[in-house]
Amino acid sequence: MARPLPLLLLALGLAAAAKSPYQQVLQHSRLRGRQHGPNVCAVQKLIGTNRKYFTNCKQWYQRKICGKSTVISYECCPGYEKVPGEKGCPAALPLSNIYETLGVVGSATTQLYSDRSNLRPEIEGPGSFTIFAPSNEAWASLSAETLDSLVSNVNIELLNALRYHMVDKRVLTDDLKHGTTLNSMYQNLPIQIHHYPNGIVTVNCARLLKADHHATNGVVHVIDKVIATTTNTIQQIIETEDSLETLRTAVAASDLNSLLESEGQFTLLAPTNEAFEKIPRETLNRILGDPEALRDLLNHHILKSAMCAEAIIAGLTMETLEGTTLDVGCSGEELTLNGKPIIANKDVLATNGVVHFVNELLIPDSAKTVFELAQESEVSKSTDLFRQAGLSSHLTGSERVTLLAPVNDVFKDGLPVIDSNMRNLLLNHIVKDQLSSKYLYHGQKLQTLGDKELRVFVYRNNLCIENACIAAHDKRGRFGTLFIVDKMLAPPTGSVMDVLKADHRFSTLVAAIQSAGLTENLNRPGTFTVFAPTNEAFRAMPQGDLNKLMGNAKELANILKFHVADEILVSGAVSALVRLKSMQGDKLEVSMKNNVIHINKEPVAESDIMATNGVIYAVNSVLQPQASRPQERGDEPADPALEIFKQASALSKVSQRNPRLAPVYSRILARMKENSGGF
């Protein structure tokens, strides 16, 4: 039974070695400062401010905090001091009581007020305490009115305020766990602790500046604000703030009151009345009148964890209760949401989280119409087209649809004229039902509002609907989904033969197909890719070769089958090289070069002419199968023995003189003469 003991000791050792995020950042600052002597920490200071941060690896190399430049300075790490004439900070600070320690660590004002409020005897005497001591700058930043209210009233308010900054036990940063609370020494009211992965530790959203200063009767942590008691839930803050009147109504209508009153650690990005007023009245009324959209809207403003402003020193992605994400960042002193500085009032603390007031409404995709989604995307020109065609009603109501909207680049030469044909084409860009691209499958048929059937093609590198391939992630709205596609759809109008007959460029090809007896093949249901030679391609052939080809039905059929593959390949599926097996049997090589499709290295004149049973590419040359091409010596079938004797005449002379190799050489030479008519 004694054998597991080393494993237990190892586990205990690993647990002891694990450092909190704060300690990890402090250790990195030590590493960056060690060249200046023992116990020196590198500190980043925001230029033009007094804000300082211990540095992590990313900040060290970027030299920025909240997008603003920093300068590096080197200071004694917490708990150490300089010695005249010696390098670095070799001496530990003298261990004294909390009262004396306050004066040493940059919180002399807290020391002064503890004396004035008669707290001094307690923090000089025996015991085990933790004090979160506001820095001198923190006290100086209080308004004169607030400070006067604290130091008047026979100092009772000041004493209570200071005792709220205290805990009756020693608590080090490793004990300050994220999302926990500590009972203060003022009426046991809770103090909220957040210990973030970036090493920032906050106490009621005040940041720890210098932590873990040991004293004989406890520990001192210096913080950047004077913290105040909080007794209200997030819901109670909403109910008492005049600037949140519209939000109060919306929360009541969506039955979120109980959530915002419950225990937990949330962040509410509370839209002010002004934020609601900025939204078009029609849009706002639609959302307020739709319980599901309203709930999604509000949940999009609630983060799953409490995020104090001081913890944000770079951009990060936060998940909302709605399941979406928001980019929370900072720019200097301002907090940003999705890159915009729209937070008007930050760090309003509640018992179950924190509230930041925002002056713009954050509408999630799930609360938007398809038309709104499209207007805000890189398909805004498409929305103009649908609006001009009088189709907006399909995209703004409660009809379940999926919009296939071409990117703006498709219309770089201007929007097409709206006529009956264009309106019908646009109707075929609206699919019945609200779809998700990740559930589409190869060969699936989609019905459009224009009564057309569209096919889904799934390729290794792309997902396409007819000739148009999806160019960006779906945007799923309240009733509809937006698919952003790379080109205008070309719904099929007939079979391959129907399409070829209707296009005057292919009249010679049509005659050839009929002559070769292949008409029925290209009329039947199927999945063909046809590389269709134009009339120009046939004219480019020598007249004798053309007459010979047209007069030999079998050879003509063989050549034409080489132009057809029995699978549909649209241009969006070609990124490098794709090999298709032709109906003749040989391989076809389809490639992309300089944004032009090539077939067997020949450029394609036009791509993606869609048919009900395939796709057509117009080519200006007649493709030749391998067997039909003129043979060159370098194209002969590889035979190692033949190659040796063709390329090494010296070896052949030796072989003829060697009695063992001479018979072999003679037989190979005879074979070569048979194949080539002479050597």
Going through the range 344-361 in order, the residues found to be modelled with pLDDT of 90 or more and among the aliphatic types (A, V, I, L, M) are V348, L349, A350, V354, V355, V358, L361
Across the range 303-323, the tally of residues that are part of a loop (DSSP other than H, G, I, E, B) and open to solvent by less than 10 Å² (accessible area, probe 1.4 Å) stands at 3
Boolean, P491 is open to solvent by 70 Å² or more (accessible area, probe 1.4 Å) and in contact (Cβ under 8 Å) with a residue 40 or more places away in the chain: no
**Prompt:** Somewhere in the range 294-315, is a residue farther than 30 Å from G67 by Cβ and without any contact (Cβ under 8 Å) to a residue 40 or more places away in the chain?
**Reply:** no
Matching residues in the range 441-462 (under 24 Å from A576 (Cα atoms) and open to solvent by less than 80 Å² (accessible area, probe 1.4 Å)) number 8
Counting only residues that are within 16 Å of V530 (Cα to Cα) and acidic (D, E), the range 548-573 contains a total of 2
Suppose the filter is aromatic (F, W, Y), more than 36 Å from the chain's Cα centre (by Cα) and not in a helix (DSSP H, G or I); does F483 pass it? no
Notebook entry, point to check: Right, T109: open to solvent by less than 50 Å² (accessible area, probe 1.4 Å) and more than 20 Å from L150 (Cβ to Cβ) or not?
Noted result: no
Listed by first then second residue, the pairs whose first member lies in the range 155-183 and is closer than 28 Å to M307 by Cβ, whose partner is open to solvent by 10 Å² or more (accessible area, probe 1.4 Å) and assigned to a helix (DSSP H, G or I), with beta carbons under 7 Å and at least 6 positions apart or on separate chains, are A161/L150; L162/Y113; T173/Y22; T173/Q23; D174/Q23
Counting only residues in the range 263-279 that are part of a loop (DSSP other than H, G, I, E, B) and open to solvent by 80 Å² or more (accessible area, probe 1.4 Å), the one nearest to L326 (Cα to Cα) is identified as K278
Subset of the range 125-140, residues assigned to a helix (DSSP H, G or I) and crowded, with 18+ Cβ neighbours inside 10 Å, comes to A138, W139
Apart from one, (1) surrounded by 16 or more Cβ atoms within 10 Å (Cβ to Cβ); (2) touching a residue at least 12 places away in the same chain (Cβ under 8 Å) all hold for K82; the odd one out is (2)
*Could you please let me know if L208 is on the phi < 0 side of the Ramachandran plot and either surrounded by fewer than 20 Cβ atoms within 10 Å (Cβ to Cβ) or over 38 Å from the mean Cα position of the chain (by Cα) (or both)?*
no
Of the residues in the range 419-464, those that are assigned to a strand (DSSP E or B) and out of contact with any helix residue (DSSP H, G or I) (no Cβ under 9 Å at 6 or more places or on another chain) come to V431, K432, K445, L446, Q447, E453, L454, R455, V456, V458
Reported set for the range 195-229 where residues are closer than 19 Å to Y53 by Cα, of a type in the set (V, I, T) and in a strand (DSSP E or B) is V201, T202, V203, V220, V222, I223
All-but-one check, I200 against (1) among the aliphatic types (A, V, I, L, M); (2) within 37 Å of the chain's Cα centre (by Cα); (3) outside the structural domain of Y113 (by the TED database), failing number (3)
Residue hits (the range 324-376; outside any strand (DSSP E or B), open to solvent by 50 Å² or more (accessible area, probe 1.4 Å) and among the acidic types (D, E)) are E333, E360, D365, E376
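The values are calculated or read from the model by the stated rules, or taken from the named source; none is laboratory data. Bear in mind that the values here come from a model prediction, so they are computed numbers and not experimental data. Using ideal geometry, Cβ is built from the backbone for each residue, glycine included, and neighbour counts are taken over all protein chains shown. To get the accessible areas, we keep the full protein, side chains included, count just its heavy atoms, and leave off ligands, DNA and RNA. Shrake-Rupley method; radii C 1.70, N 1.55, O 1.52, S 1.80 Å.
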